[in-house]
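What follows is a short report on a single structure.
Just so you know, all these numbers are worked out from the coordinates, no wet-lab data involved. Computed from a predicted structure; not experimentally measured. Cβ placement follows ideal geometry from the backbone for every residue including glycine, while neighbour counts extend to all protein chains displayed.
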Amino acid sequence: MSKKVLILSASPRRGGNSDLLCDQFMAGATESGLSAEKIFLRDRKINYCTGCGSCIDNGKGCSQKDDMAEILEKMISADVIVMATPVYFYTMCGQMKTFIDRTCARYTEIKNKEFYFILTAADNNLRAMERTVEEFRGFTYCLENPMEKGIIYGTGVWKSGEIKGKKAMNQAFEMGKKA
């Protein structure tokens, strides 16, 4: 049975650097015969968590009616989850943080998943990216049996498309093939 790969692109720019790395990961995964889907979070309606607690109190999931329920179903059924974000001010972008907060309704059902993280930043300093990696790890720490499989750092890129020709492009493709 082929693994199901779910790629979550939080880039606010279609064809932005982190989004291009997602495409490379997906190309590698599909070349290896895996089932892969990319969700471009910008195209989805994902409201902020209001902290109302109804997802916990009533056990029926989030009371908000947006695209998050569908994405959570896909996360629960996926074997591999790729989370990609540009790094702004040395942290993940708001789209990814909003998304993570909204997993609250069903995060206990996201079990036994392999995770890959993709980060892009204008800064070349990998150490400066660790805060963002730790934010991803903070999320996966709350899950049952997460397996961190790889991190792709696309550094030194600002303008859309600058990642092309960088080693991160090949790394994303190769990690996708091995997912």
### Query
Using a Gaussian network model of the chain with C-alpha springs under 10 Å, which one of F139, F99, F117 is most mobile by mean-square fluctuation?
F139
### Message
With a cut-off of 8 Å between alpha carbons and a minimum separation of six or more residues, what is the relative contact order of the stretch 77-179 in percent?
### Response
31
### Summary
Pairs over 22 Å Cα to Cα, from K4/K149; K60/K111; K3/K97, come to K3/K97
### Summary
For D66, D57, ascending order of other Cβ atoms within 10 Å (fewest first) is D57, D66
### Message
Tell me the net charge near V87. Cut-off is 13 Å between Cβ atoms, V87 excluded, with +1 for each Lys or Arg and -1 for each Asp or Glu.
### Response
-1
### Task
Could you work out the relative contact order of the stretch 22-74, using alpha carbon pairs under 8 angstrom and six or more residues apart, expressed as a whole percent?
25
### Query
Percent relative contact order of the chain, based on C-alpha pairs within less than 8 angstrom and at least six residues apart?
32
### the chain: antiparallel DSSP beta bridges as a percent of all, rounded to 5
5
### Summary
With the charge dipole of the chain built from beta-carbon charges (+1 for Lys and Arg, -1 for Asp and Glu) about the Cα centre, the Cα from I71, G61, S160 projecting farthest to the positive end belongs to S160
### Which of V5, V133, V87 has the fewest Cβ neighbours within 10 Å, and the rest in rising order
V133, V87, V5
### Query
For the chain, what is the mean residue ellipticity at 222 nm derived from helices alone (per DSSP H run of n ≥ 4: -39500 (n - 2.57); sum divided by total residues; nearest 500 deg cm²/dmol)?
-10500 deg cm²/dmol
### Message
Loop-only trypsin sites (Lys or Arg not before Pro) in the stretch 57-114, please: DSSP not H, G, I, E or B, and at most 15 other Cβ atoms within 10 Å.
### Response
K60, K65
### Query
To the nearest whole percent, what portion of all C-alpha pairs in the stretch 4-178 is separated by more than 20 angstrom?
50
### Query
By count of other Cβ within 10 Å, fewest leading, how are T91, T132 ordered?
T91, T132
